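Following: one structure in structure tokens, then a few remarks.
The values are calculated or read from the model by the stated rules, or taken from the named source; none is laboratory data. Here the structure is a predicted model, which is why all the values come from computation and not from measurement. With ideal geometry, Cβ positions are generated from the backbone for all residues, glycine too; neighbour counts draw on all protein chains shown. These accessible areas exclude ligands, DNA and RNA; they are computed on the full protein's heavy atoms, side chains included. Shrake-Rupley method; radii C 1.70, N 1.55, O 1.52, S 1.80 Å.
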Number of protein chains: 4
Amino acid sequence: MAFTVSFMANQKTIRWGVIGLGWFGEIHAETLADMPGIELAALCTRRPQRLMEVADRFGVPKRYTDYHELLADPAIDVVGIATHINDHRQIAIDALRSGKHVFLEKPMAPTAADCDEILAAARQAAGFFMVGHICRFDPRVAMAKQAIDEGRIGKIVSMHARRNLSKTIGRAVLDSISALMGDGIHDGDLMLWFSGAKPVSVYAQEIHPGANKFPDGGWAMARLDSGAIAVIESIWHLPESTPYQIDARMEVIGTEGAIYINCGEAGLEMHDGSGNRMPDTFYWPQVFGSRFGILRAEFRYFADCVAEGRRPELITPDESRAAVALLAAAVESSHSGQVVYF
Amino acid sequence: MAFTVSFMANQKTIRWGVIGLGWFGEIHAETLADMPGIELAALCTRRPQRLMEVADRFGVPKRYTDYHELLADPAIDVVGIATHINDHRQIAIDALRSGKHVFLEKPMAPTAADCDEILAAARQAAGFFMVGHICRFDPRVAMAKQAIDEGRIGKIVSMHARRNLSKTIGRAVLDSISALMGDGIHDGDLMLWFSGAKPVSVYAQEIHPGANKFPDGGWAMARLDSGAIAVIESIWHLPESTPYQIDARMEVIGTEGAIYINCGEAGLEMHDGSGNRMPDTFYWPQVFGSRFGILRAEFRYFADCVAEGRRPELITPDESRAAVALLAAAVESSHSGQVVYF
Amino acid sequence: MAFTVSFMANQKTIRWGVIGLGWFGEIHAETLADMPGIELAALCTRRPQRLMEVADRFGVPKRYTDYHELLADPAIDVVGIATHINDHRQIAIDALRSGKHVFLEKPMAPTAADCDEILAAARQAAGFFMVGHICRFDPRVAMAKQAIDEGRIGKIVSMHARRNLSKTIGRAVLDSISALMGDGIHDGDLMLWFSGAKPVSVYAQEIHPGANKFPDGGWAMARLDSGAIAVIESIWHLPESTPYQIDARMEVIGTEGAIYINCGEAGLEMHDGSGNRMPDTFYWPQVFGSRFGILRAEFRYFADCVAEGRRPELITPDESRAAVALLAAAVESSHSGQVVYF
Amino acid sequence: MAFTVSFMANQKTIRWGVIGLGWFGEIHAETLADMPGIELAALCTRRPQRLMEVADRFGVPKRYTDYHELLADPAIDVVGIATHINDHRQIAIDALRSGKHVFLEKPMAPTAADCDEILAAARQAAGFFMVGHICRFDPRVAMAKQAIDEGRIGKIVSMHARRNLSKTIGRAVLDSISALMGDGIHDGDLMLWFSGAKPVSVYAQEIHPGANKFPDGGWAMARLDSGAIAVIESIWHLPESTPYQIDARMEVIGTEGAIYINCGEAGLEMHDGSGNRMPDTFYWPQVFGSRFGILRAEFRYFADCVAEGRRPELITPDESRAAVALLAAAVESSHSGQVVYF
């Protein structure tokens, strides 16, 4: 593993604008709002009412309903894109062409072809480009990667990842993206990262018990060119009573060892009048009014890269494309009923 | 659910003979040896040395190296078959034709065609016939089945079962049977039982990092005619240091609820000079010199059926055949790389 | 450890009468009702309506409102006593004098002095006498005891046991007995059994947030003559939403190893419209209409002892007295605020 | 709860010197070495060889063997003290008098009287003063505190905290401090913080199976003026094979709910050739060459307070003294065998 994460004192304040103010765009804003060395400088959404609401909440002066205007604003260094996935391609390309540094939420785009267009723009761009595969900043995940790279578990032979959510969350998101693409993208990325392998084939099945546009859950089984089997489970149909904020876990079995990551039971369980809950303590926990956790660490990393003029190496655009290609092929398999080969 | 488990006082002692004295045949013998109302009356294996060793251990007077002789012995009521799976078909048919009651270890046979031959013999047999799907006697599993039948989790949409073992165990067994067939048969059976559905298609992948004859692990993904996805994981390649006796768990997600069964972390964990272990406390735990647990409960059930002249309804031969058909198709898919349809 | 549990074929049916039909007396009856070799022959409670209700449920012909009449009935072999703890002493003594075999629920009696009177009667009795310390029949516990006796964890230095219940259960029971005495008796017994030691001193505190007669929870810290610290926690005040049927666990730390017993998370978790639950799968789980688990195993053991004319050695009356003495001293400490010495 | 954690852009680089370079002092240095806005400016230990070793590792130019010289250096803003607890009082007082901002490791000092002297110095000091009760920066803990302050679990009635370590760690530390004082200080602080109560009495027992100067483990039971029972367990005698980095958990039971914090099973488990481990992913995990986690968050907080001229409110010196008073009384009780009243 060649890269290192160094955090040297940043010389300048990074001015960050966020495009897209759905629930996660707002969490972007909330997290950025009190990070030292970062100024939450601008917000953008097509919905004026929502724009005002979020911008007022965080006292952001620059407010745009047309993202082109934000891109034209010279007082912005970084553009964070947290829109609907279908808008990723166009906005990312425009942002890259504007010369800004671009932080794009995952998945990069709906298809590998879309990703290729973004990649082409990124190669010619003056600014940096990174897709927000947040789990790479998770110590549990990163330490697993280290152990794998050190050879502690030998050669990987089987991996399973689960990332299941309450149907309450599912209903709020399933008109934008399927569960398999929406959350499977995390684990597809991690499995390729862990194994250093490429997919040979993938087969998938999805379920669609809900009334939203996209399937509520799916399973994908990939064969990697290393010989490993990689299985991804993403079901956004847990009961409302589920104590899990997210039931996310991964099992990596190698010829010499096994690693178990549990991101669902994150050290805090509450039983009270409202039932049982295991709140998020890792991703973007809200503690004493601020957002902490690995989303913050991810923003910190990108801001430091920008401040230091150092290209982000922890996640490369090619890797982000590979994860999309894997999951898009899984969705294709689910539709056709056939095994898809790469 | 129509059946009930009733335990009325048995009128007679059931005389039980065990054919096959591998590691599990010996556990059969050990369990039967001190069950009230059951007499461990005969043992049979082709290996004379092994026969003497086990028969001496439990003080069993009748000892056979030819199973036909055991079948001809009128002083035996029940024949338990714990041989290599490839011998199941012939021995089971012979045993059924002999008029004995037959308890056959799982899987019923290597193929559905073999099962059909056994089924034909069973239909004409005077004695009872049951395949030992032990997990059905597990309170954790049986209570899940009850909750499902009561409609507590609605309609099942996704199931996942894991049943992973140390490679130490794998090496001892993988010349007889693959991991996918050997342990997947448990979960295939349970998933069909839970859902009351039939498989429409199955796709599978296997890994073969070890030097034994059969693959060390496999994953199967079935689509059921109820619309549910059923995923089976069976990897007999956990590191020697694994604390798990067996890492067995199942997740059943329905439209109204979810059930999580964990048979791997069974309430006892020991950290000592020999490392960390989570001993079996459920299947056939050895406590103060005797074998308890659900293997014993399973034998109890079959013996009571015999004593009372009541046909076993908890597991039917057709159900056992269906589980073989599912797993055999999975193995076929693993070999061909194609989805197999039913 | 000298004793063994042998289960030889019992020659006769054991006729069992139950005195006391509270919630647990009824579970006694339900469990005994379908055990082979045992006949649930008689029931007794002072409440005629309750007597009819339970006796009708299980089809028990002999019904008594005066326990002396049950004791005088020559067609009863075993008397099980599941009454209020305050009635234990007199009924147990009368039962022992009647010549019956006596199975007495824990705790033996409220005080060590009461226990001594029972012990005196037991010494002169024709029948056997055993107090139902059910946890000794728990494979998780028994296997821990075996490992300790084998020296696997060296010399015990610290033990902690928790046995916490929902306040819903607490409210139903706390007019009869305190949490510390009611559930601490289990763990006090196990700790003395595990360590083979005697208490030197004990200090305790109780809490009484509820409106019932006895304190809802308590903590006791004992010093044993082996040098070990033994800490008992028993809180019957978990929220109504608790998923635990019982949050019961024990940690035993020795000079060479540690053992962790978890009886709270027993392998089954259900999330549905009624919330989250972890049902009992071990103590007396109700599966397909019958009661299984270690309560059944405990009755089996006592019935076999009676059938074979073999004095029960797994739990001795002196041990049961020692557990009462420990917990009664803890309650005394809680009242006085002083350390109590033995 | 009145305080907030705000992270405004810091105007200046904070120059930090560390006194004491045991294993934890080195982790201080390692963590500070790559924090933006902080300069690890000086190191101090009496051992010249150790000084050179650690200072070389992190490229620290200013190196002192006499802490008075470090205190006299005008190019240092913050002094971090990570020495032996017995040296805390004198160094902290000298540091406070020097005008530096002082970050002192926990426990504040061995006795409440020592704490009072430090408090007196702190009250007259120009710089800020904070004791490093790191757990307050743990999201799992902080979110529990929030829930308690929101009234979600009602009034606390019982608390238990465990913080157990391998005897390997114990042997390395037990000549400096006892387990009960060394780790119990964390939980004593948290319990007083959670409950907002004061101790009325405390009783404790310790065990001393090891060969080091201080007892290897201890239990303390306090009664708080709110009526709650608070029980602290700290055993540094787990077997070498323990998978726990630290087996740390806390249970808080209130009249309306319960909170369970598990800091021992922190989401990552590795089984490999070296056995089983659950590495630290929270406190100061080493990821890709840097130290992350809540130690870093704690330093960040103090540095920001200094940069902004804002007195630290998250942990007050009076609170740190109260935790010492509780644990020192527990140790006194352990020695005398008597209950100690406040």
Query raised in the report: Relative contact order, percent, of chain A when contacts are C-alpha pairs under 8 Å separated by at least 6 residues?
Result: 19
Query raised in the report: Which whole-number value in Å² is the accessible area per residue of chain B, probe 1.4 Å?
Result: 33
Query raised in the report: Over what distance in Å are the Cα centres of region A:260-280 and region C:197-269 separated?
Result: 23
Report summary line: For A:ILE261, the net charge from surrounding residues (Cβ-Cβ under 12 Å; K, R +1; D, E -1) works out to -1
**Report entry** For C:ASN86, inter-copy label distances in nm, listed shortest first [label point 7 Å out on the Cα-Cβ vector]
**Finding:** 5.8, 7.3, 7.3
Report summary line: C:PHE342 and D:ASP116 label points (each 7 Å along its Cα→Cβ direction) are spaced in nm at 4.1
Requested in this report: List, in order, the whole-Hz ³J(HN,Hα) value for each residue of region A:225-233 obtained from phi through the Karplus relation with A = 6.51, B = -1.76, C = 1.60 and θ = phi - 60°; use x for Gly and Pro.
Outcome: 6, 7, x, 6, 9, 10, 10, 10, 10
Report task. First check a/c for the protein assembly as shown, with a ≥ b ≥ c the square roots of the eigenvalues of its C-alpha gyration tensor; if it is under 1.5, answer rounded, and if not, answer prolate when a/b is larger than b/c or oblate otherwise. Result -> oblate
Query - Between 0 and 90°, nearest 10: helix B:88-97 axis offset from chain B longest Cα axis - result: 50
Query - Antiparallel bridges, percent of DSSP beta bridges restricted to region D:228-303 (to nearest 5) - result: 90
Query raised in the report: Between the helical axis of A:317-336 and the dominant principal axis of chain A, each derived from Cα atoms, what acute angle in degrees is found, rounded to the nearest 10?
Result: 50
Query - Exercise: per-residue mean of other protein chain Cβ atoms within 10 Å, C:217-228 - result: 3
Query raised in the report: What is the distance in Å between the Cα centres of region A:122-169 and region B:140-154?
Result: 36
Requested in this report: Tell me which residues come under 5 Å, amide H to amide H, from A:GLU39 once H is placed; ignore anything under 5 positions away on its chain.
Outcome: A:ILE14, A:ARG15, A:TRP16
**Report entry** Efficiency of FRET from Cβ geometry, D:GLU150 and D:ASP175, R₀ 41 Å, rounded to 0.05
**Finding:** 0.40
**Report entry** Protection-proxy order for peptides A:123-130, B:108-115, each taking the mean of Cβ atoms within 10 Å per residue, highest first
**Finding:** B:108-115, A:123-130
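Need one value for B:238-248: mean number of C-beta atoms belonging to other chains within 10 Å of its residues' C-beta atoms.
5
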Query - Phi to ³J(HN,Hα) by Karplus 6.51 cos²θ - 1.76 cosθ + 1.60 over region A:281-287, Hz, x for Gly, Pro - result: 10, 10, 6, 8, x, 9, 10
Query raised in the report: Averaged across the residues of A:32-38, what count of C-beta atoms belonging to other chains lies within 10 Å of each residue's C-beta?
Result: 4
Query raised in the report: Around A:SER336, what is the net charge, scoring Lys/Arg as +1 and Asp/Glu as -1 over all other residues with Cβ under 15 Å from its Cβ?
Result: -1
**Report entry** Proximal charge balance of B:ARG163 [Cβ under 10 Å; K/R count +1, D/E count -1]
**Finding:** -2
**Report entry** Packing rank of A:255-266, C:69-80, where each peptide gets the mean count of other beta carbons within 10 Å, highest leading
**Finding:** A:255-266, C:69-80
Report task. May I ask you to order D:239-248, C:82-91 by the average number of other C-beta atoms within 10 Å around their residues, highest value first? Result -> D:239-248, C:82-91
Query raised in the report: So, with a 1.4 angstrom probe, what is the percent of accessible area on chain B that is carbon and sulfur?
Result: 51
Report task. At a probe radius of 1.4 Å, figure out the B/C buried accessible area, summed over both chains, and give it in Å² to the nearest 100. Result -> 3800
Requested in this report: Mind listing the long-range amide H neighbours of C:VAL287? Cut-off is under 5 Å, sequence gap 5 or more, other chains count too, H placed in the peptide plane at 1.01 Å from N.
Outcome: C:PHE292
Query raised in the report: Taking every DSSP beta bridge that has both residues in the protein assembly as shown, what percent is antiparallel when rounded to the nearest 5?
Result: 60
Query raised in the report: Given H placed 1.01 Å from N in the peptide plane, which residues other than close sequence neighbours of A:LEU104 have an amide H under 5 Å from its amide H?
Result: A:ILE81, A:MET130, A:VAL131, A:GLY132
Query raised in the report: Tilt of helix C:23-32 relative to the longest C-alpha principal axis of chain C, in degrees (0 to 90, nearest 10)?
Result: 60
Requested in this report: Over region C:215-327, calculate the relative contact order: mean separation of alpha carbon pairs under 8 Å at least 6 apart, over the residue count, as a percent.
Outcome: 13
